[in-house]
Every structure is written in C-alpha cells, then in structure tokens.
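The numbers here are math on the coordinates, done by the rules we state, and not lab data. Please read all numbers here as calculations on a predicted model, not as lab measurements. Positions of Cβ are backbone-derived with ideal geometry, glycine not excepted, and every protein chain shown enters the neighbour counts.
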Amino acid sequence: MAGTRERVVKTLLDRHGVTYAEQARIRLADRPSALYQLLVLATLLSARISADVAVAAAREGPAGADIFLREVQAVWPDVAPYVDDRVSEGAKMLRLPSSARGLSGLVGSPRDMARLAAALVRVALERGVADEVKQAVS
C-alpha cells in the first residue's frame, strides 16, 4: 500500500506539481517585489475567477510590484532608493540622473525619494508635465 501511495504522489508531482507562483513565473525570494507578486496572485486566486485567468493577470504583477516598491520606499528604508524603468524614463526627459543613486542624491529622505519617483512617473506618462516643469524652471 505504501508503494502505491508513493507512486501516486510521484505521478501527481510529475504531472501537476507546479505551484501557482511558478506557473505565473514568480521567482519566489525574500524580496519585496517577489512577495508582492505572490500577494497579488493569492488575491486573484481567491477571487471568483478561474485559476488560469488569475495566473495570467499575476504575470502582469511586475508593473504592480514596481508601483508598490516606488511607494513603499517612503516607509520601508531597505527598499530605498527604488527606481524602475518609468522613473528613469521621466528622469531622462528632464535631463536628470536616471539611476537610483543619482536621483536619491537629489532628495533628502526616502519619503522624498518616493515623491520624486511618483512625480517622474507622471512626467513619463502624462503629456505636458515635462514641458510644464521645464517652463517653470526657466
């Protein structure tokens, strides 16, 4: 009987032993972005939608993780300074440094870094913000 159980478990793991996190391509690690993606996946899986739809939506979770990390750096100093592609894009549009180190040197605190990151995302995404800032400075 024990041999049968072991074969059942081996077959089950071989054929279906992929976690939902693995299926969503979330690389689990003790890092804020991975844990946030897992949280989003868990939330989606608990909704009244199919697991496949939830996993597909969670695969998109990296953008959500970037948003989370940009915001949480205000109160989670281990994350700061956090800069993602959107922040870098906005910085380049204003001819500011685009690295985390370069941008953090322009502000005084992690809270200000979070505010700067949000503002630079607006520069990257909202038409006219870059021109408005450039005009105000000149």
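The table below gives the values:
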| item | result |
| --- | --- |
| Within segment 19-60: Cβ-based charge dipole about Cα centre, in debye rounded to nearest 20 (Lys, Arg +1; Asp, Glu -1) | 40 debye |
| Estimated [θ] at 222 nm from DSSP helical runs (n ≥ 4, -39500 (n - 2.57)) normalised by residues in the chain, nearest 500 | -19500 deg cm²/dmol |
| Charged-residue dipole, Cβ positions (Lys, Arg, Asp, Glu), the chain about Cα centre, Debye nearest 20 | 200 debye |
| The chain, relative contact order in percent, only Cα pairs under 8 angstrom and at least six apart counted | 17 percent |
| Stretch in the chain that is longest and holds no GluC sites (Glu not before Pro) that DSSP places in a loop and that have at most 11 other beta carbons within 10 Å | 61-125 |
| Sites V107 and R27, calculated FRET efficiency, Cβ-Cβ separation with R0 41 Å, nearest 0.05 | 0.85 |
| Label of the coordinate-derived value, Cα extents along the principal axes in Å, listed as (1) 112, 32, 21; (2) 81, 29, 21; (3) 45, 34, 27 | (2) |
| Residue-span extension gain [Q135 to T19] - 0.36 nm each, minus C-alpha spacing | 36.6 nm |
